[in-house]
Amino acid sequence: MDFGLHQTWMQQAISLAEQAGAAGEIPVGAIVVSARNQVVGIGENRKERDRDPTAHAEIVAIRAAAKNLKDWHLNGCSLYVTLEPCPMCAGAIIQARVSTLIYGADDPKTGAIRTVTNLPDSPVSFHRLTVIAGICEISCQNLLQTWFQQLRNVEQS
C-alpha cells in the first residue's frame, strides 16, 4: 500500500473518531482493511455507551472483522487507528494476528506499540507485525486535544 492509500483509510478512521467524540466518548476510531483492500471491520470508542471497559475502537473493529471474515485470524489485514493502541488493544492486535498496524498519534500515557512500551517486539509477543506510525498525525492529535479541551471547559463551567 502507498502513503496516499494510508491517508485515505486514516481519514475514515478519523470520521469514526469524530462520531465517538460527538457521542461523548474519547474520540478514537479504527478500521480493519482486508488483504483485498476492503473494509471488514469498523470501530469507535464505545466504553461509555456500552458500559464496557473493553469497548475500545480497536477491539470493536477487530471483533467486527473476525465476525465478517468468520475467522479470528486476521492475517493479511491492516488495522488503521487514530491513536496508538493501549496494552489491552496491543494484546488483541497480536492475538488476532493483524499483519499491519497503522496509527495516527502517539499516546504518551498508555501507548503500547512504540511510545511507553513496545508489546509487539517484546518477548511476550509470538506474532510480529508491521507498524507504521504518524499517518495523519496532526489531524489525530488535534481531534483529541480539542475534545479534551472542550471537556475541561465544560467541567470548569
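The values are calculated or read from the model by the stated rules, or taken from the named source; none is laboratory data. On a predicted model such as this, the values are computed, not experimentally measured, just so you know. Cβ atoms come from the backbone with ideal geometry, glycine included; neighbour counts cover every protein chain shown. For the accessible areas, the whole protein counts, side chains as well, though only heavy atoms, and no ligand, DNA or RNA atoms are used. Shrake-Rupley method; radii C 1.70, N 1.55, O 1.52, S 1.80 Å.
Hey, which aspartates and glutamates would be in cross-link range of Lys70, C-alpha to C-alpha under 20 Å, not counting anything within fewer than 8 residues on its own chain? Excluding near neighbours in sequence, the set is Glu58. In order along the range 37-50, phi translates into HN-Hα couplings of 6, 10, 5, 10, x, 10, x, 9, 3, 9, 4, 6, 5, 8 Hz, rounded to whole numbers, per the Karplus curve 6.51 cos²θ - 1.76 cosθ + 1.60 with θ = phi - 60° and x for Gly and Pro. Computed over the chain, the per-residue total of -39500 (n - 2.57) for DSSP H runs of n ≥ 4 gives a 222 nm mean residue ellipticity of -13500 deg cm²/dmol, rounded to 500. Charges were assigned to the Cβ only: +1 to each Lys and Arg, -1 to each Asp and Glu. The resulting dipole of the range 64-157 about its Cα centre is roughly 260 debye. Across the range 113-128, rounded Karplus estimates of 3J(HN,Hα) from the backbone phi angles (6.51 cos²θ - 1.76 cosθ + 1.60, θ = phi - 60°) give 10, 9, 7, 8, 9, 9, 5, x, 9, 7, x, 6, 9, 8, 10, 9 Hz, Gly and Pro being marked x.
Rounded to whole numbers, the Karplus 3J(HN,Hα) couplings from phi for the range 77-93 are 8, 10, 10, 9, 9, 6, 10, 3, x, 7, x, 4, 5, 4, x, 5, 4 Hz, using 6.51 cos²θ - 1.76 cosθ + 1.60 with θ = phi - 60°, and x at Gly and Pro. Diffusion of the chain by Stokes-Einstein, at 20 °C in a medium of 1.002 mPa s and with Rh set to the Kirkwood radius over alpha-carbon pairs, works out to 140 µm²/s. Determine the shape class of the range 20-86: with a ≥ b ≥ c the square roots of the Cα gyration tensor eigenvalues, call it rounded for a/c under 1.5, and otherwise prolate if a/b is greater than b/c, oblate otherwise. It comes out prolate by the Cα gyration axes.
For Ile102, the amide hydrogen comes within under 5 Å of the amide hydrogens of Leu79, Tyr80, Val81, Ile132, counting only partners 5 or more places away or on other chains and with H modelled in the peptide plane. Ranking of Arg152, Arg128, Arg49, Arg97 by solvent-accessible surface, largest first: Arg128, Arg152, Arg49, Arg97 (1.4 Å probe, protein heavy atoms only, all chains present). Could you check what % of the DSSP bridge pairs in the chain are antiparallel, to the nearest 5? Within the chain, antiparallel bridges account for around 50 percent of the total.
Dipole check for the chain: with +1 at the C-beta of Lys and Arg, -1 at the C-beta of Asp and Glu, and the Cα centre as origin, the magnitude is about 420 Debye.
Using alpha carbon centroids, what distance separates the range 93-132 and the range 136-157, in Å? Cα centres, the range 93-132 to the range 136-157: 24 Å. Which shape class, rounded, prolate or oblate, goes with the range 1-40 when its Cα gyration tensor gives a ≥ b ≥ c as root eigenvalues, a/c under 1.5 marks rounded, and past that a/b bigger than b/c marks prolate? In terms of gyration-tensor shape, prolate. Summing charges over all other residues whose Cβ lies under 10 Å from the Cβ of Ala105, with Lys and Arg as +1 and Asp and Glu as -1, gives -4.
Placing unit charges on the Cβ atoms only, positive for Lys and Arg and negative for Asp and Glu, gives the range 50-101 a dipole magnitude near 200 debye about its Cα centre. What is the angle, in °, between the Cα long axis of helix 3-22 and the longest principal axis of the Cα atoms in the chain? Nearest 10 is fine, range 0 to 90. Approximately 40 degrees, to the nearest ten.
Along the axis of the charge dipole computed for the chain (Cβ charges of +1 for Lys and Arg, -1 for Asp and Glu, origin at the Cα centre), the listed residues Gln145, Asn37, Gly24 are led at the positive end by Asn37. Counting charges near Val81 (Lys, Arg +1; Asp, Glu -1) among other residues having Cβ under 11 Å from its Cβ returns a value of -4. Each of the peptides 104-111, 14-21 was scored by the mean count of other Cβ atoms within 10 Å over its residues; in descending order, highest first, they stand as 14-21, 104-111.
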